[in-house]
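A quick write-up on the structure given underneath.
The values are calculated or read from the model by the stated rules, or taken from the named source; none is laboratory data. Just so you know, these numbers come straight off a predicted model, no measurement behind them. Backbone-built Cβ (ideal geometry, glycine too); neighbour counts: all protein chains shown.
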Amino acid sequence: MSTQETIRLYDNDAYATEFEAAVLSCEPKADTDNLYEVVLDQTLFFPEEGGQSPDKGVINGINVVDVQIKNGVIIHTVDIAVTENEAGSEPDKTKHGKTNIDKTKLDKISAGSHISGKIDWQHRFYNMQQHSGEHIFSGIVHSRFGFENVGFHLSDSVVTMDFSGVISPEDIADIEREVNVAITKNIPVEVTYPSKTELESLEYRSKIEIEGQVRIVTVPGYDVCACCAPHVKRTGEIGMLKVMNYQNYKGGVRISILCGFRALEAFRQKSQIISELMGIFTTNQEAIIDNVTKLKALNQSLKSELGSAKAEILDYKIASLPTDIDNAILFEADLDSNAARSCVNKLVEKYSGVSAVFTGNDEDGYSFIIGSKNVDCNNIAAALRNKLEARGGGKPVMVQGSVKAARNKIERVLDDVLE
């Protein structure tokens, strides 16, 4: 694999979507059948870096499924498997001995060839919206409270920021509003490469020590931060920022946000859920919480009543069991763990051998609790593990676990071990 550092075209133009490049190396990815790692002399593909997910797209029409960077070298992982809908492509065996490889694809990206690349612009722009919004939010937090952003993760579905101190819900809401004010101002986002002398007098945020040239992203009046990722040109392109969730985390706070089109999609989904709930409860939006609260209270009350009724039925079943036996095995379709344990305890007092309750059904399997005063229950659990691949264990007087098997097979194992 080439060790020549890759020219990062996205640094020059975050809005470019197509590029040309030379293939420096193309090698099979270890422990895979159809993935190859391609190194180019230059690329528009932003790698997974700084907590942000990598770009998506194609190289010579071949899907890029991952992009990583190591020692300045950007590695594009491409999938060259034969697909059913690719006319004319036949499984071939390459010099690497791999099957189901489309040799035509492999020839297009061989070392020394030239390629045309194209990134997924929607994915890139959505990431730019998220990351630019995060900068403004983190900059405001830093200026107001002095807290550092000590953890950042930007995936295709969520953006999380971990701050080094706790922020109240009221302050989070206020910061969210200020971020959106900054967005409406449509402020230019500046990218600069200060000299070492300039950096010494520049106050900027950075989570790590940076060697070599430092890239500074500035949102005037809100944030100055060292960052390697593509950003929007003006804050208005962020669209909006919405805090989705927050929680205390490791002595600070973790805040989840979405910006722009991803925020829009999230609220479309929430709006759809609310509309469906309004239909189910035949009520307006304001009354949904009250309806759900009442329904939850009713559900808890019914669960309590059902539990009491089941307990009475179990007591009846226990009382009706014959007394001239040593072992008692019950199978119940629906029983919580507390009720099952209580039942086993009562059976253990009544019978000298093994007492067990299996809860579930043949399709989904069973959870079990087995107890005894005189028999080592671990032997029963071991038999279920050996014959039916059950899971679980415990002490000699009581074991519990689960088993994915039909009732008749469980009973057959128990009959064998309890003979």
Practice task
Starting from residues that are out of contact with any strand residue (DSSP E or B) (no Cβ under 6 Å at 6 or more places or on another chain) and among the acidic types (Asp, Glu), keep the ones in region 135-166 and report whichever is farthest from Val219 (Cα to Cα).
Solution key: Asp156
Practice task
For region 188-204, state whether one or more residues are surrounded by 13 or more Cβ atoms within 10 Å (Cβ to Cβ) and closer than 19 Å to Val141 by Cβ.
Solution key: yes
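For region 141-148, check the following and say yes or no: at least one residue is buried (at least 16 other Cβ atoms within 10 Å of the Cβ), assigned to a strand (DSSP E or B) and either in the same structural domain as Asp55 (by TED's automatic domain parsing) or of a type outside the set (Phe, Trp, Tyr) (or both). So that I can check it myself, show each step before the final result.
The initial filter retains those residues of region 141-148 that are buried (at least 16 other Cβ atoms within 10 Å of the Cβ), namely 141-142, 147-148.
Keeping just the survivors that are assigned to a strand (DSSP E or B) gives none.
Looking through region 141-148, none of the residues is buried (at least 16 other Cβ atoms within 10 Å of the Cβ), assigned to a strand (DSSP E or B) and either in the same structural domain as Asp55 (by TED's automatic domain parsing) or of a type outside the set (Phe, Trp, Tyr) (or both).
Considering each residue of region 155-188, count those that are part of a helix (DSSP H, G or I) and either under 13 Å from Cys259 (Cβ atoms) or within 27 Å of the chain's Cα centre (by Cα) (or both), and give that number. Please lay out each step first, then the result.
Kept after step one, since they are part of a helix (DSSP H, G or I), are these residues of region 155-188: 169-184.
Remaining after also requiring either under 13 Å from Cys259 (Cβ atoms) or within 27 Å of the chain's Cα centre (by Cα) (or both): 169, 172-173, 175-176, 179-180, 182-183.
Matching residues across region 155-188 total 9.
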Fill in the blank from the handout: Within region 45-63, the residues that are surrounded by 18 or more Cβ atoms within 10 Å (Cβ to Cβ), in contact (Cβ under 8 Å) with a residue 40 or more places away in the chain and not aromatic (Phe, Trp, Tyr) are Gly51, Gln52, Ser53, Asp55, Lys56, Gly57, Ile59, Ile62
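Taking Glu349 as the residue in question, decide whether it is surrounded by fewer than 16 Cβ atoms within 10 Å (Cβ to Cβ) and farther than 25 Å from Tyr316 by Cβ.
Working: surrounded by fewer than 16 Cβ atoms within 10 Å (Cβ to Cβ): yes; farther than 25 Å from Tyr316 by Cβ: no.
Against the criterion (surrounded by fewer than 16 Cβ atoms within 10 Å (Cβ to Cβ) and farther than 25 Å from Tyr316 by Cβ), Glu349 does not qualify.
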Exercise for the section: Evaluate region 283-298: report whether one residue or more is outside the structural domain of Ile380 (by TED's automatic domain parsing), assigned to a loop (DSSP other than H, G, I, E, B), over 32 Å from the mean Cα position of the chain (by Cα) and over 26 Å from Leu388 (Cα atoms). Expected result: yes
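Hey, does region 104-111 have a residue that's modelled with pLDDT of 95 or more and hydroxyl-bearing (Ser, Thr, Tyr)?
First pass over region 104-111, keeping only residues modelled with pLDDT of 95 or more: none.
There is no residue in region 104-111 that is modelled with pLDDT of 95 or more and hydroxyl-bearing (Ser, Thr, Tyr).
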Completion exercise
Counted residues in region 12-44 being surrounded by 14 or more Cβ atoms within 10 Å (Cβ to Cβ), acidic (Asp, Glu) and either not assigned by TED's automatic domain parsing to the domain that holds Leu106 or not in a strand (DSSP E or B) (or both) come to 1
Fill in the blank from the handout: Restricted to region 233-248 and to residues being part of a strand (DSSP E or B) and of a type outside the set (Val, Ile, Thr), the residue surrounded by the most Cβ atoms within 10 Å (Cβ to Cβ) is Leu241
Problem - Selection status of Ser301, modelled with pLDDT of 90 or more, more than 28 Å from Glu48 (Cα to Cα), among the hydroxyl-bearing types (Ser, Thr, Tyr) and not in a loop (DSSP other than H, G, I, E, B) - result: yes
Exercise for the section: Just need a number here: residues in region 382-419 that are among the aliphatic types (A, V, I, L, M) and part of a helix (DSSP H, G or I). Expected result: 8
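Matching residues to (1) in the same structural domain as Ser138 (by TED's automatic domain parsing); (2) modelled with pLDDT of 90 or more; (3) aliphatic (A, V, I, L, M):
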{"residue": "Glu190", "(1), (2), (3)": "yes, yes, no"}
{"residue": "Ile210", "(1), (2), (3)": "yes, no, yes"}
{"residue": "Val217", "(1), (2), (3)": "yes, yes, yes"}
{"residue": "Met240", "(1), (2), (3)": "yes, yes, yes"}
{"residue": "Tyr246", "(1), (2), (3)": "yes, yes, no"}
{"residue": "Ala263", "(1), (2), (3)": "yes, yes, yes"}
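Quick grid of which residues meet (1) buried (at least 18 other Cβ atoms within 10 Å of the Cβ); (2) touching a helix residue (DSSP H, G or I) at 6+ places or on another chain (Cβ under 8 Å); (3) among the hydroxyl-bearing types (Ser, Thr, Tyr):
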{"site": "Ala229", "(1), (2), (3)": "yes, yes, no"}
{"site": "Leu258", "(1), (2), (3)": "yes, yes, no"}
{"site": "Phe261", "(1), (2), (3)": "no, yes, no"}
{"site": "Gln285", "(1), (2), (3)": "no, yes, no"}
{"site": "Ala297", "(1), (2), (3)": "no, no, no"}
{"site": "Ser304", "(1), (2), (3)": "no, no, yes"}
{"site": "Pro322", "(1), (2), (3)": "no, no, no"}
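Take region 323-370 and flag every residue that is part of a helix (DSSP H, G or I) and of a type outside the set (Gly, Ala, Ser). Show your work before the answer.
To start, the set of residues in region 323-370 that are part of a helix (DSSP H, G or I) comprises 337-350.
Asn338, Arg341, Cys343, Val344, Asn345, Lys346, Leu347, Val348, Glu349, Lys350 - these are the residues of region 323-370 that are part of a helix (DSSP H, G or I) and of a type outside the set (Gly, Ala, Ser).
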